[in-house]
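Worksheet for the structure shown next.
The values are calculated or read from the model by the stated rules, or taken from the named source; none is laboratory data. Note that the structure is predicted; figures quoted are calculated from it, not measured. Because the Cβ atoms are built from the backbone with ideal geometry, glycine has one as well, and the counts that use them run over all protein chains shown. Side chains included, ligands, DNA and RNA excluded: accessible areas come from the protein's heavy atoms. Shrake-Rupley method; radii C 1.70, N 1.55, O 1.52, S 1.80 Å.
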Amino acid sequence: MHRGLVLALAILVAGCGGPPTPLTVHNKPVTHWLQALHDPDARTRRKAIEALSNVGSADPAVIPALIEALDDREAGVRGAAVLALLKIGPEASEAVPALRKAQKDKDVKVRTYATKALVRIGG
């Protein structure tokens, strides 16, 4: 019985040694969505933000990318970025300074969302 347990554990551990599976959203890797944040089309950038909001802090590149999107030229993209950070919640605490800046955005929705995000995140 002891040998069977050792063999089962050896098989289990051997199966864990493969390369990690990349995170995906809508069947596309996170890297695809991160690159889409730089697309010339604002709709594509908003779609990327919405996809990345589902990843949250599971990928360390997501929150900094969403923070960068707060400076997008399109208010709809900035608003989507704020909502994504709101959705992520307290794990997005590094976004607090950028969200405070977003409270002074020229777009009223961005300002309103930023205030709500800061309340949820704890900033």
- Size of the dipole of the stretch 49-104 about the Cα centre, Lys and Arg at +1 and Asp and Glu at -1 on the beta carbon, nothing else charged, in debye to 20? 280
- Short version: ³J(HN,Hα) in whole Hz for each residue of the stretch 36-46, in order, from phi by Karplus 6.51 cos²θ - 1.76 cosθ + 1.60 (θ = phi - 60°), x for Gly and Pro, what are they? 5, 5, 9, 5, x, 8, 4, 5, 5, 5, 5
- Task: State, as an integer percentage, the relative contact order of the stretch 17-123 based on alpha-carbon contacts under 8 Å between residues 6 or more apart.
- Result: 21
- Flagged as over-length at 23 Å C-alpha distance, from LYS28/LYS109; LYS47/LYS116; LYS28/LYS106; LYS28/LYS104, the pairs are LYS28/LYS109; LYS28/LYS106; LYS28/LYS104
- Message: Restricting things to Cα coordinates, could you compute the convex hull volume per residue of the stretch 26-123 in Å³?
- Response: 75
- Task: Starting at the first residue of the stretch 100-112, write each ³J(HN,Hα) from the Karplus equation 6.51 cos²θ - 1.76 cosθ + 1.60 with θ = phi - 60°, in whole Hz, x for Gly and Pro.
- Result: 4, 5, 5, 5, 10, 4, 6, 9, 4, 5, 4, 4, 5
- Task: Roll a 1.4 angstrom probe over the protein heavy atoms and tell me the percent of accessible area of the stretch 57-123 that is carbon or sulfur.
- Result: 54
